[in-house]
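Take a look at the structure set out below.
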Amino acid sequence: HIEMSEVDGVVFGAGGGVGFECVQHMLSKGQRVRAVVRSPQKYADKFPKDPKLTIAQGDVTNLESVREVIKGAKGVIFAASGTTFWSAASVDFQGAKNVADAATQEQRVVLVSSALVSPKNRLNPIRIILNNFRWSLMDNKFKGECALRDSGKSFTVVRPGHLVNEPSGQHRLITGKQGRSWSTQWPHEMPICWLVLCQGDGKLPGAVSRADVAAVCVAAITATAADKITFELGADKSQGAAQGPIADIFSGLKQGVYQ
């Protein structure tokens, strides 16, 4: 049993692309973050040295481990995904379910899923490829989403399109059925970034940088309007940009819409 201090967020899958960006983004905002990885020694040199950062050992496939490591956290970001061929059922589904089961009513759980995850898209060639890349990857991601939505806990499900490595704010972002779009200027380090949110998993949104996905996930922990919503997230480089606080991107999204 380890004594867990108060933190603004816990990030599962912190060693992965989006998870690592979530850690970086929280630190850039002066937030206290607990980065959860299976083997901390493997990541000793990856994470920045920061007094607000704690690296914790944890395993999403183990409910007790999850329960222990999220203690004292205001919110939880689940950015973990199975890394071996057969691992999607234990990580993407059961891991997400464990976090949903372990979370308190006060903790917002932000789940990083994928566009095209809904069963209605099962004949989409991209979904078929991804579903076979790891055994039933998309099916298990969707089951993980459903476990979280059915848990009665506070949640946000973020479904990015194709993930790319670009600095945050280099382009504009998309999410929304009507193709409505918001743009946002984050304080401190970021130029204007365009956000559009869509719902219903109808089509694959444009590619989006991992850093932008992370910024949206971190905002979702505290944004009132992000509670109990599921949306797709992509980028549209053709749009111009206006300005507004990042939490505004969630306004107008509806609860209960996910396929």
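Every number here is computed from the coordinates shown, using simple stated rules; none is lab data. The model shown is predicted, which means the values in this text are computed figures rather than measured ones. When we count neighbours, we look across all protein chains shown, and the Cβ atoms used for this are built from the backbone with ideal geometry, even at glycine.
Taking other Cβ atoms within 10 Å as a rough exposure proxy, Ser5, Ser209, Ser154, Ser136 sort from fewest to most as Ser5, Ser136, Ser154, Ser209. Applying both filters, DSSP loop and at most 15 other Cβ atoms within 10 Å, to the chymotrypsin sites (Phe, Trp or Tyr not before Pro) of the range 33-108 gives Phe85, Trp86.
As a length-normalised measure over Cα pairs under 8 Å and 6 or more apart, the relative contact order of the range 68-154 settles at 39 percent. In order along the range 96-113, the Karplus-derived 3J(HN,Hα) couplings, from 6.51 cos²θ - 1.76 cosθ + 1.60 at θ = phi - 60°, round to 5, 5, 4, 5, 4, 5, 7, 5, 7, 5, 7, 8, 7, 9, 9, 9, 8, 10 Hz, and Gly and Pro are given as x. For Lys143, a cut-off of 29 angstrom between C-alpha atoms picks up these lysines, skipping any fewer than 8 places away in its own chain: Lys71, Lys74, Lys97, Lys120, Lys153, Lys177, Lys203, Lys228, Lys254. Summing Lys, Arg as +1 and Asp, Glu as -1, what charge do residues with Cβ under 15 Å from the Cβ of Ala96 carry, Ala96 excluded? Net charge in that neighbourhood comes out at +3.
What percent do you get for the relative contact order of the range 1-124 when only Cα pairs under 8 Å and 6+ apart count?
It rounds to 27 percent for the range 1-124.
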